[in-house]
Amino acid sequence: MKDGIQKKVPYDSLPEGAKRYWDFQEGKPGAPFFQKEFGFYSLDRWYREGLSKEDDLNEVFGFDEPGRTELYGLGWCEAGFDPLFEEKVLEDCGDYELVQDNVGRAVLCFKGRRSGFMPEYKDHPVKDMRSWEEKCHWRMDPASSGRKTAMDKYMPAVIANAHKGLFVGQSVVGGYMYLRSLIGPTELLYMFYDDPGLIHACMRAWFELADSVIAQHQKYVTLDEIFIGEDICYNQGSLISPDMIREFLFPYYQQLLENCKRRQIDKTRKLRFQVDTDGYAVSVIDLYRELGMTYMSPFEVASGCDVVEIGQKYPDLLLSGGVDKRVLAQGKEAIDRMIDAIFPVMKARGGYLPTCDHGVPEEASLENYMYYRRRCLEFA
């Protein structure tokens, strides 16, 4: 039965958005680009410049209908806790306030404003094995009532989308991003040396939660991809060494991928593996390909990533991103130069989905972004 779960829906029966997205996933040379965006930090400015809050952004910007349906429930930039920590103000700091966020971090925010800017993280919940057990480990219970309630709500829509033939992705917070949210970016670097047993305890919990939840999802749908939000690079390369990645992350990734492949309803379906990282991602491409990475994003240009160069070196690697968000603030001539240097080459190659290399910044005017979108649609 070619219902998108037992077997893939035939290409000719797919919705138009799904056709374009599958063309990207199959690396089809010359295929029109699937049209989407990474995200926006610019909407408040654009509303002032005439964009209506009632507007459908997909329609205004010419984005494609969905080609992909996503399974969540396992964290994004933080651990997949259930229950979450109570959000509360810890200290009044004048124009600022120190807040406990929903994953237990102490975060310095503007008073009365919790999002839309990069906060300052002052503390993290895990200091040692005791704090891990008391504050966090029990929140990683795969059988928590909240997870079951959430799954009952989101699963019917995912099943319906799978029946239409949409690509089914499973998102998981990556091991490095997860550990960083628990311990803190600086403290984590010491902890790899000072208490490796704690790191492995945290990663075993990560694996047990991910494996259990995904096993429940796989009773209903066949997965097309495992996506990890890793953010393991900065502007010069990886934040931890290849040896650390292989020791503390890869054993858990490898077992998860093996288990997911074994559980597939459609045994013929290829299970892809996407890694998302900011920074100079080139430094870890070969490393993650040891686990079979098929897709990487979003290739931050300011850190030296060039999707044309990377696409030539790795012709079978799917790429998205690589559009310099800073250029969108520089005007139409700069936008033209960027698009003309990237899009024709990458369309001929195939396997490329153009988006900004992070959210569109506030510095980009609505006029500039509309011009950029018109140029994008020339390749649609």
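Rule-based calculations on the coordinates, nothing more; no lab input. Note that this is a predicted model, so its numbers are computed, not measured. In this analysis, Cβ positions are derived from the backbone assuming ideal geometry, glycine residues included, and neighbour counts consider all displayed protein chains.
Tabulated data for the structure shown
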{"quantity": "Neighbourhood net charge (13 Å Cβ-Cβ; Lys/Arg +1, Asp/Glu -1) for S212", "calculated": "+1"}
{"quantity": "Radius 13 Å from Cβ of D128, net charge of other residues (Lys, Arg +1; Asp, Glu -1)", "calculated": "-2"}
{"quantity": "Dipole-positive endmost among F192, V9, T294 within the chain (Cβ charges, Cα centre)", "calculated": "V9"}
{"quantity": "Contact order normalised by residue count of the chain, Cα under 8 Å, 6+ apart, percent", "calculated": "22"}
{"quantity": "Max mean-square fluctuation residue, GNM over the chain, Cα-Cα springs under 10 Å, options D357, D56, D316", "calculated": "D56"}
{"quantity": "Over the stretch 118-247: Rg over Rh, Cα atoms, Kirkwood Rh", "calculated": "1.02"}
{"quantity": "Residue among Y295, Y176, Y190 with the largest mean-square fluctuation in a Gaussian network model of the chain, springs linking Cα atoms under 10 Å", "calculated": "Y190"}
{"quantity": "Debye-sum result for the stretch 250-324 in log10 I(q)/I(0), which assumes one identical scatterer on each alpha carbon, at q = 0.13, 0.20, 0.23, 0.25 Å⁻¹", "calculated": "-0.43, -0.85, -1.01, -1.12"}
{"quantity": "Residue-count net charge about I245 - beta-carbon cut-off 10 Å; Lys, Arg +1, Asp, Glu -1", "calculated": "-3"}
{"quantity": "GNM result for the chain, Cα springs below 10 Å: residue of V89, V173, V213 fluctuating most strongly", "calculated": "V89"}
{"quantity": "Bins of 10 Å from zero: percent of alpha-carbon pairs in the stretch 1-158", "calculated": "8, 22, 25, 26, 15, 3, 0"}
{"quantity": "Isotropic mean projected area of the C-alpha convex hull, the chain (nm²)", "calculated": "19.3"}
